[in-house]
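A short write-up of the structure that comes next.
The values are calculated or read from the model by the stated rules, or taken from the named source; none is laboratory data. Because the structure is predicted, anything quoted here is derived from the model rather than measured. Because the Cβ atoms are built from the backbone with ideal geometry, glycine has one as well, and the counts that use them run over all protein chains shown.
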């Protein structure tokens with residue numbers, strides 16, 4: 001992995017999209033993509049799409065599902 005304080009070029013452009021707004025860090029699942037910026041952009045795009053509004057689930061419900069999955073998978 002490339003430390004996010006060393007990101008430049010395409011990675012540097014992605015940084016504002018993937019850094020956690022409160023904790024000011026990049027989650028490990030995204031940092032693992034630092035060697036392949038295209039896969040990082042695709043992963044973030046999928047996340048953004050999944051968390052966007054749908055007709056059946058509100059954002060808070062999607063966040064609760066994500067939280068339950070993260071806890072089950074022992075993510076941090």
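Residue under question is residue 15, and the condition is that it be part of a helix (DSSP H, G or I), in contact (Cβ under 8 Å) with a residue 12 or more places away in the chain and within 14 Å of the chain's Cα centre (by Cα); does it hold?
On the way: part of a helix (DSSP H, G or I): yes; in contact (Cβ under 8 Å) with a residue 12 or more places away in the chain: no; within 14 Å of the chain's Cα centre (by Cα): yes.
Answer is no for this residue.
Which one of 66, 55 is out of contact with any strand residue (DSSP E or B) (no Cβ under 8 Å at 6 or more places or on another chain), assigned to a helix (DSSP H, G or I) and without any contact (Cβ under 8 Å) to a residue 40 or more places away in the chain?
Residue meeting the stated conditions: 66.
Mind listing whichever residues of segment 48-63 are at pLDDT 85 or above and either within 17 Å of residue 75 (Cβ to Cβ) or touching a helix residue (DSSP H, G or I) at 6+ places or on another chain (Cβ under 6 Å) (or both)?
Hits for segment 48-63 are 62, 63.
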